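As structure tokens, the structure follows; a few thoughts come after it.
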Amino acid sequence: MYKRQVQNTLGPIHRLYGTALSGWRNDKARGRDIGDGTVHLDLSSLHGKPSVIITTYQTLANYAVSFAGLKCAAAVFDEMQFIKNPRTQRAQAAKAVQAGFWIGLTGTPIENKTQDLWSILDVICPGALGPLAGFNRVFAKPSANRLAQLQQALFQKSGTRPALCLRRTKIEADPTIPPKVRIMYPRQMPPAQAIRYDEARAQQGGILQVLQHIRRVSAHPGIIEGELINDFVGASARTLSLIHI
């Protein structure tokens, strides 16, 4: 039903990834655009015709020259954390897409550092957060005050310009979702894990990196040590709780 509605409204759906790409190759074309910088896909039949094109980030990077020749009314990027590094071929290929309107979707705009967010916005709205070097000087080591400034820049409109980002909660998406229930299972850390935990808390660096380090130690100290532990279950309070439950 959904596919039929899309076709009736926006035109046919074309899947340009995987084995479906074979039907779009130029005659005698071998390899990918990324190999020699030339067009390997014949997308001329899509020009000026209403249609929906679905592809993957890796395919977009592999055939960036071919896709850059398309002029789209709208470009929708799902799971944008996959292009969080602005220096990757995926991110560069995404920025090369021609479109009159851009939409980006992600549930994790910041995974490791605030630069992830800059990279996403640089694809959707280039220049909105300034140059990367300046952004990193201000937000690479975020504080409560800086994060409040960043949130305001993203979620509040400025004059006639609408907000750059919209946030939708689960309840807004579906009011029938039952509330989350948390059942706590307190358990004291084994001595070795407690030592690693204190060491992680004492580390210096960006707050996001430190929090990730603490999270890994809390899960299991063996993740940090990178060693097999004879008593794997007994080395982690969380693993002990898991087995008990």
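The values are calculated or read from the model by the stated rules, or taken from the named source; none is laboratory data. Note that the structure is a prediction, hence the values are computed from the model and not measured. When we count neighbours, we look across all protein chains shown, and the Cβ atoms used for this are built from the backbone with ideal geometry, even at glycine. Ligands, DNA and RNA are stripped out before the accessible areas are found, and what is left, the full protein with its side chains, is counted by its heavy atoms. Shrake-Rupley method; radii C 1.70, N 1.55, O 1.52, S 1.80 Å.
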**Request:** For region 34-49, take each phi angle, set θ = phi - 60°, evaluate the Karplus expression 6.51 cos²θ - 1.76 cosθ + 1.60, and give the result in whole Hz per residue in order, putting x for glycine and proline.
**Result:** 5, x, 10, x, 10, 6, 10, 10, 9, 9, 4, 5, 8, 5, x, 10
**Asked** Counting only the heavy atoms of the protein chains, how much of His220 is accessible to a 1.4 Å probe, in Å² to the nearest 10?
**Response** 10
**Fill in**
Percent relative contact order for region 72-194, counting Cα pairs under 8 Å at least six residues apart, stands at 17
**Item:** Per residue accessible area in Å² of the chain, where ligands, DNA and RNA are left out and the probe is 1.4 Å
**Value:** 68
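Just by accessible area at a 1.4 angstrom probe, what is the order of Tyr63, Tyr197, Tyr57 from largest to smallest? Can you show the working numbers first?
Working: Tyr63 15, Tyr197 65, Tyr57 35 Å².
Listed by decreasing accessible area, they come as Tyr197, Tyr57, Tyr63.
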**Asked** Accessible surface of Lys170 in the full protein assembly, 1.4 angstrom probe, to the nearest 10 Å²?
**Response** 140
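How many percent of all Cα-Cα pairs in region 161-218 sit more than 15 Å apart? Please report the intermediate quantities before stating the final value.
Working: 1159 of 1653 pairs.
Result for the distance tail: 70 percent.
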**Fill in**
Computed ³J(HN,Hα) along region 150-163: with the Karplus parameters 6.51/-1.76/1.60, θ = phi - 60°, integer Hz and x for glycine or proline, the list is 5, 4, 5, 5, 8, 9, 10, 6, 10, x, 8, 7, x, 4
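Once you charge only the Cβ atoms, +1 for Lys and Arg and -1 for Asp and Glu, what is the size of the charge dipole of region 1-109 about its Cα centre, to the nearest 20 debye? Kindly include the intermediate steps, with their values, before the conclusion.
Working: 13 positive and 6 negative charges, 14 e Å.
With only Lys, Arg, Asp and Glu charged at Cβ, the dipole is about 60 debye.
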**Prompt:** Can you list the residues, at least 5 places off or on another chain, whose amide H is less than 5 Å from the amide H of Val52, using H built in the peptide plane?
**Reply:** Ile13, His14
**Message:** To test your reading of the geometry: what angle, between 0 and 90 degrees and rounded to tens, separates the Cα axis of helix 191-201 from the longest principal axis of the chain?
**Reply:** 60
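Determine the dipole magnitude for the chain: charges of +1 sit on the beta-carbon of Lys and Arg, -1 on that of Asp and Glu, nothing else is charged, the reference point is the Cα centre, and the result goes in debye to the nearest 20. Don't skip to the answer; put the middle values down first.
Values: 30 positive and 16 negative charges, 112 e Å.
Using Cβ point charges on Lys, Arg, Asp and Glu, the chain gives about 540 debye.
Need one word for region 23-78: rounded, prolate or oblate. Basis is the Cα gyration tensor (sqrt eigenvalues a ≥ b ≥ c); a/c below 1.5 gives rounded, then a/b vs b/c decides. List each step's numbers first, then the result.
Values: a/c = 2.14, a/b = 1.37, b/c = 1.56.
Oblate is the answer for region 23-78, as a/c is 1.5 or above yet b/c matches or exceeds a/b.
Note down the net charge around Arg90, summing +1 for each Lys or Arg and -1 for each Asp or Glu among other residues with Cβ under 14 Å from its Cβ. Don't skip to the answer; put the middle values down first.
Details: positive: Arg32, Lys84, Arg87, Lys95; negative: Asp33, Asp78, Glu79, Asp116, Asp122.
Net charge around Arg90: -1.
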**Asked** If you average over every viewing direction, what projected area does the convex hull of the Cα atoms of the chain give, in nm²?
**Response** 20.1
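For region 162-245, with all protein chains present and a 1.4 Å probe, just round the carbon and sulfur fraction of the accessible area to a whole percent. Please report the intermediate quantities before stating the final value.
Working: 3940 of 6800 Å².
The nonpolar share, carbon plus sulfur, comes to 58 percent.
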**Request:** Return the FRET efficiency for the residue pair Ser45, Ala96: r is the Cβ-Cβ distance, R0 is 25 Å, and the value is rounded to the nearest 0.05.
**Result:** 0.75
**Request:** Could you pull the Rg and Dmax for region 45-116, using just the Cα atoms, both in Å?
**Result:** 12.7, 41
**Fill in**
Once amide hydrogens are built 1.01 Å from N within the peptide plane, the residues lying 5 or more places from Arg25 or on another chain with amide H under 5 Å from its amide H are Asp42
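So for each of 85-95, 133-143, 153-163 I average, over its residues, the number of other beta carbons within 10 Å; can you give me the resulting order with the highest mean first? Display every interim value, and only then the final one.
Working: 85-95: 17.5, 133-143: 13.9, 153-163: 10.6.
The most tightly packed comes first, giving 85-95, 133-143, 153-163.
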**Request:** On a 0 to 90° scale, report how tilted helix 207-219 is relative to the longest principal axis of the chain, with both axes built from alpha carbons and the result rounded to the nearest 10.
**Result:** 60
**Complete:** From highest to lowest solvent-accessible area (probe 1.4 Å; ligands, DNA and RNA excluded), Asp174, Asp198 read Asp198, Asp174
**Message:** Taking amide H atoms as placed 1.01 Å from N in the peptide plane, list the residues 5 or more away in sequence, or in a different chain, whose amide H sits under 5 Å from that of Phe77.
**Reply:** Ile103, Gly104, Leu105
